[in-house]
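Visitor: Quick one: this structure, given as structure tokens, is what I'll be asking you about.
The numbers here are math on the coordinates, done by the rules we state, and not lab data. It should be emphasised that the depicted structure is a prediction, and the values quoted were computed from it without experimental measurement. For neighbour counting, all protein chains shown are included, and Cβ atoms are generated from backbone atoms with ideal geometry for every residue, glycine included.
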Amino acid sequence: MTPDEERQLLADVQYLKDRQAILDVINQQSRGCDRHDAELVADAFHEDGFDEHGTQVTPGKEYGHWANETHTKGSQINMHHITTHTCEIDGDVAHAESYVIGLMLNHDGVTARLLAGRYVDRLEKRDGRWKLVVRRSTAEVCFSGDATLMTLATFTDRHFVSGSRDRTDLSYARPLGIDTPAAVW
């Protein structure tokens, strides 16, 4: 391998590591919202970071508490799905766009809402760690619908594991085993 090829390889590896770290922090923030883990959400933001949801602009370190309260008022379960993700990295600054699909099971347990939009983010790498500095959220599609399928015997008789909005959720179990206790439908 020539010195130029070695330099290019190292640059390519660094780019891929940065891309993955950026996507990891975006996913971390969504997981924190779904598990109502305000600490995990706060850790996704630099100290001077902000989140914007419409007219609600919240310091990143406080965003998890606001999101928990908002999600609790509006649903019994929420799930954020990050899909299409693009990212431009320029040194220690990155601009990312991530499509998000939010699903909320309403408190009645038989209706649900779907909200689709995008997270448009500026992230910075400080002290070797990528975190959010500015997050602006778009809302582009929203609808509600019937969620009674979850009440069918297909799900209830099989006692599927259900998510919980705290650290008792199965995803926190270490080590995970087939007999790890979990909430069920």
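Visitor: Ranked by Cβ crowding within 10 angstrom, fewest neighbours first, how are Phe45, Phe50, Phe143 ordered?
Guide: With the fewest neighbours first, Phe45, Phe50, Phe143 line up as Phe143, Phe50, Phe45.
Visitor: DSSP beta bridges in the chain, what fraction antiparallel, as a percent rounded to 5?
Guide: About 90 percent, rounded to the nearest 5.
Visitor: While we're here: Points 7 angstrom from Cα along the Cβ direction at Arg122 and Thr180: gap in nanometres?
Guide: Placing both labels 7 Å along Cα→Cβ, they lie 3.8 nm apart.
Visitor: Now for a different question. Pull out the extension gain between Asp108 and Thr168, defined as 0.36 nm times the separation in residues minus the alpha carbon to alpha carbon distance; nm, one decimal.
Guide: Using 0.36 nm per residue and subtracting the Cα-Cα distance, I get 19.3 nm.
Visitor: Starting from 0.36 nm per residue, how many nanometres of slack lie between Val13 and Glu47 once their C-alpha separation is accounted for?
Guide: Stretched fully, the Val13-Glu47 segment lengthens by 9.4 nm.
Visitor: Right, something else. Compute the distance in nm between two label points, each set 7 Å from the Cα along the Cα-to-Cβ direction, one at Leu149 and one at Trp66.
Guide: Rounded to a tenth, the inter-label distance reads 3.4 nm.
Visitor: Then there is this: Name the residue, out of Tyr172, Tyr99, Tyr15, whose mean-square fluctuation peaks in a Gaussian network model built on the chain with Cα pairs under 10 Å.
Guide: The residue with the greatest mean-square fluctuation here is Tyr172.
Visitor: Going by Cα centres, the stretch 118-183 and the stretch 5-39 are how many Å apart?
Guide: Using only Cα atoms, the two centres lie 18 Å from each other.
Visitor: Mind checking the full-extension length gain between Leu23 and Thr83? Use 0.36 nm per residue of separation minus the Cα-Cα distance, one decimal, nm.
Guide: Length difference between fully extended and current span is 20.5 nm.
Visitor: For the stretch 1-152, how big is Rg over Rh, using alpha carbon atoms and the Kirkwood form of Rh?
Guide: 1.07
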